[in-house]
Amino acid sequence: MTSESARVRSGRPRLVDRGDDQLDPHDQILAAAAELFAERGYGATTTRAIAEKVGIRQASLYYHFAGKDEILLELLETSVRPSLAYLTDLLRHPDPAVALAALAILDVDTLIATPHNIGTLYLSHEVLEPRFESFRQAREALREAYSELCGRIGTHLDADFLGACCLQLVELVITLRRDGEPPASTAIDIAAACLSVVGVSPPGPALDQGIRVAGELRARLTAQQPGESSATDA
């Protein structure tokens, strides 16, 4: 059963009224699982524990997800899927430095928005297993996009190496979130660091245009989700 088809099924009655009716049961399960995965680790979290945190019976959880693998996969993909949605426009942009800055900003914003810093599980041994291959492919597509933009900027260093460096700089926000709420300027600061790594000097003009492009793309793709916000909206 797919998660989409499961959304329309009501499941069994709740055991506990958690007062979070703003989210549908599917999203409540995701939120509870993200919190437990972050606190206990994926291996130590059971579907029973997730169901109890939501306030539903364990059997009801299976109306929405086949198991915790499917839950984790959806959570992981939410940390890369929004960034992938911007790639077509950014890879067509005439100025690769501007596109690189915009991609870094949007990517950092996506990671900041993921529930309970789910990116901390990127390097867990479970995520390296075949059942999470689709997530790893999506993350690799992001790395390739960074590499392509770095190569178009032009440098004596290997573009694949620089692309990997930029992705690591972006994912530094995962570590920053472990230590508390990242500053509002984090996305812009990391984008500036990416430009510096590939030799864009001074980075200011490309960074300023990248901020504008990121805002335009975000507004276009999230126009139907007015409740969303980002680190660069202010």
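Read-outs throughout are calculated quantities, based only on the coordinates presented, and are distinct from any laboratory measurement. For clarity, every value in this text was computed on a predicted model and none was experimentally measured. Positions of Cβ are backbone-derived with ideal geometry, glycine not excepted, and every protein chain shown enters the neighbour counts.
Annotations for the structure displayed:
- Ranked list, fewest to most other Cβ atoms within 10 Å of each Cβ, for HIS156, HIS64, HIS125, HIS116: HIS156, HIS125, HIS116, HIS64
- Fewest-first ordering of SER147, SER79 by other beta carbons within 10 Å of each residue's beta carbon gives SER147, SER79.
- Ordering LEU23, ALA138, ALA59 by the projection of their Cα atoms onto the charge dipole of the chain, which places +1 on the Cβ of Lys and Arg and -1 on the Cβ of Asp and Glu, puts ALA59 at the extreme positive end.
- Spin-label model distance (nm) - ARG220 vs ALA193, 7 Å beyond Cα toward Cβ: 2.9 nm
- Among LEU217, LEU167, LEU100, LEU84, the ranking by other beta carbons within 10 Å of each residue's beta carbon, starting with the fewest, stands as LEU84, LEU217, LEU167, LEU100.
- Here the chain is treated with +1 on each Lys and Arg Cβ and -1 on each Asp and Glu Cβ, and its dipole about the Cα centre works out to around 560 debye.
- Full-stretch length increase - THR175, ASP24 - with 0.36 nm per residue and alpha-carbon distance subtracted: 51.4 nm
- Overall form of segment 109-185 per C-alpha gyration tensor (a/c, 1.5; a/b vs b/c): oblate
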